[in-house]
1. In this structure, does Ala251 turn out to be within 28 Å of Thr34 (Cβ to Cβ), free of Cβ contacts under 8 Å to residues at least 12 places away in the same chain and aliphatic (A, V, I, L, M)?
2. For segment 194-212, indicate whether the set of residues that are outside any helix (DSSP H, G or I), within 14 Å of Leu14 (Cα to Cα) and either over 17 Å from the mean Cα position of the chain (by Cα) or of a type in the set (Gly, Ala, Ser) (or both) is non-empty.
3. What number goes with the only condition from (1) more than 7 Å from the ligand (Cβ to nearest atom); (2) in contact (Cβ under 8 Å) with a residue 40 or more places away in the chain that Lys168 does not pass?
4. Kindly indicate which of Ser174, Ser223, Ser233 is closer than 20 Å to Ala279 by Cβ and either among the small types (Gly, Ala, Ser) or touching a strand residue (DSSP E or B) at 6+ places or on another chain (Cβ under 7 Å) (or both).
5. Take Val235 and decide whether it is surrounded by 13 or more Cβ atoms within 10 Å (Cβ to Cβ) and at pLDDT below 95.
6. Would you check which residues across segment 222-253 are part of a helix (DSSP H, G or I), within 23 Å of the chain's Cα centre (by Cα) and within 13 Å of Phe182 (Cα to Cα) and list them?
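The values are calculated or read from the model by the stated rules, or taken from the named source; none is laboratory data. Quick caveat: nothing in here was measured; it's all calculated off a predicted structure. Reconstructed Cβ throughout: ideal geometry from the backbone, glycine too, with neighbour counts over all protein chains shown.
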Amino acid sequence: MKLTELFRKDKLSLSFEVFPPKTDTAFKTVKTATEEIAKLHPSFMSVTYGAGGGTSRYTLDIAKNIKERYGVPTLAHLTCVSSTRETVREKIAQMREAGIDNVMALRGDIPSSLVASDRAGWDFHYAVDLINELKESGADFCIGGACYPEIHPESENQRQDILYLKEKVDAGCSFLTSQMFFDNNLFYNFMYKIREAGITVPIIPGIMPITNGNQVERAIKLSGSFVPQRFKSLVDKFGTTPAAMKQAGIAYATDQIIDLFANGITNVHVYSMNKPDVAAAIQSNLSDILG
Ligand code: FAD
């Protein structure tokens, strides 16, 4: 099923993100965790893609398994940076074969080991190139793209970032999922600007429950997200006490979701990071609101 057909306009709905194993030996553990999350029956589950190949084949294995065994619609991620056209076409063919309906088209992070001259011969430079390739493949995918309420770290300014975002939508993105943020006002501000720029597709905010103190620094470094004082105080207080930090992080994420819904956002994506207990706790905190 295409995700655009199931986005809710009236009630709150939650989707969860999982990631494939980084090693072959971890496959079974990851598969079990993703199945536990699927049993919560979220509106859909997204499965990330390990840029650069390696165990990337597991993205499709996991997405297919969740869809076929648990009936949960899935969104398979795909990155294109530094991949050849031939490799990308092969991946697209595999997606079609696996019955994937929804694809998250991403550029991927540029490996720091690559120098500028290496990039000249690439077939794909930006996510929009992948969206064009997906469209040209003739497959009837529902395509999603990434967006950044606090602008993409490589962008010079938000205006330009939003212009490029519009290009992705015009090329065929039917919805956008946002990078994590810890201050909802940044998301509301972003929504206002992108609607003003003529981007009308659904925007799904991405919420990351920070459940251990060590995760904070890494998550923020990767995303470049602003950390409000309220969140800093929470990490200062509970960061070294795992159970308390987990409870506080889940409560903070829950609070963000409630505020989003109260402000008219009905579809929220949770970066559940292969943690069924975290996904279940958020869902349970919202049980009466989810209805
Ligand atoms: P793009 O949309 O191509 O944008 C990248 C940069 O290039 C931006 O600064 C943009 O302004 C600029 N730009 C865009 N188009 C042009 C153009 N035509 N000319 C000049 N500049 C341009 N990474 C993974 O490896 N695997 C995943 O599964 C994954 N999932 C993600 C899911 C979400 C929701 C998000 C927000 C990110 C995800 N990422 C993932 C990380 C993502 O790959 C990185 O953030 C990457 O650096 C940018 O990808 P993009 O698709 O947003 O790139």
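1. In short, no.
2. Yes: segment 194-212 contains one or more residues that are outside any helix (DSSP H, G or I), within 14 Å of Leu14 (Cα to Cα) and either over 17 Å from the mean Cα position of the chain (by Cα) or of a type in the set (Gly, Ala, Ser) (or both).
3. The failed condition is (1).
4. Ser223
5. In short, yes.
6. Hits for segment 222-253 are Ser223, Phe231, Gly249, Ile250, Ala251, Tyr252, Ala253.
Residue by residue, here is whether (1) surrounded by fewer than 20 Cβ atoms within 10 Å (Cβ to Cβ); (2) away from the ligand (no atom under 13 Å from the Cβ); (3) of a type in the set (Gly, Ala, Ser) holds:
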| position | (1), (2), (3) |
| --- | --- |
| Lys11 | yes, yes, no |
| Asp24 | yes, yes, no |
| Lys31 | yes, yes, no |
| Ile37 | no, yes, no |
| Ser46 | no, no, yes |
| Gly50 | yes, no, yes |
| Lys64 | yes, yes, no |
| Glu68 | yes, yes, no |
| Gly71 | yes, yes, yes |
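Every residue, every condition in (1) more than 14 Å from the chain's Cα centre (by Cα); (2) modelled with pLDDT of 95 or more; (3) more than 19 Å from Ala146 (Cα to Cα); (4) not acidic (Asp, Glu), yes or no:
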site	(1), (2), (3), (4)
Phe44	no, yes, no, yes
Thr48	no, yes, no, yes
Gly54	yes, no, yes, yes
Gly71	yes, yes, yes, yes
Thr74	no, yes, no, yes
His77	no, yes, no, yes
Ser82	yes, no, no, yes
